[in-house]
1. Taking just the C-alpha trace of the chain, give me its Rg and Dmax in Å.
2. With r as the distance between the Cβ atoms of residue 101 and residue 72 and R0 = 22 Å, compute the FRET efficiency 1/(1 + (r/R0)^6) and round to 0.05.
3. Find which of 46, 57, 118 sits farthest along the positive direction of the dipole of the chain, computed with +1 on the beta-carbon of Lys and Arg, -1 on that of Asp and Glu, about the Cα centre.
4. Where does the longest stretch of the chain lie that holds no GluC sites (Glu not before Pro) found in a DSSP loop with 14 or fewer other Cβ atoms within 10 Å?
Amino acid sequence: MTHDSVVPALAAHGKLAVTEDELREWGWRFGRVSRAPLIVTIAGDLGAGKTTLVQSICRGYGVTEDVTSPTFALVHRYASPRSAVFHLDLYRLRDIEELTNLGWDEIVAEEALILIEWPERAGNRIPKEHVPISLQHLSDDPSRRVLYAGGHVG
């Protein structure tokens, strides 16, 4: 399955300015159509809505427990009827070599939905086959974010 088949047509290879409620709805729909194995990278500044988006994707994917940011643990694992879900927040990663201690190679090889915040901290260890998502603040409208989904992978 290519990443194009899971990126909702609304934002494939493009951008969309969304409110927080629209971001939650988009994430829920993205989670509904996602199929494991799938790696999704979510980049953006602090406060751009990355964790909000992860929570919505997880809900759409069938996760029923509370989804929280794994800022200090770096990795959370959730159960879904469809597959395991791994949520990685690499913001506090001090060195790319720490990924080995997290079980990175085993995680990215899982038949799971893998959601990675701050993917740039993983450098070239992000698998080529992934769906990139980026959230950015909209300078002239603080109530909206610009959502980029799809586009170049790898």
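1. Looking at the chain, its Cα Rg and Dmax stand at 14.3, 42 Å.
2. Result of the calculation: an efficiency of 0.90.
3. 57
4. The longest such stretch corresponds to 1-64.
Coordinate-derived values only; no laboratory data. Just so you know, these numbers come straight off a predicted model, no measurement behind them. Here the Cβ is made from the backbone with ideal geometry for all residues, glycine too, and neighbour counts use every protein chain on show.
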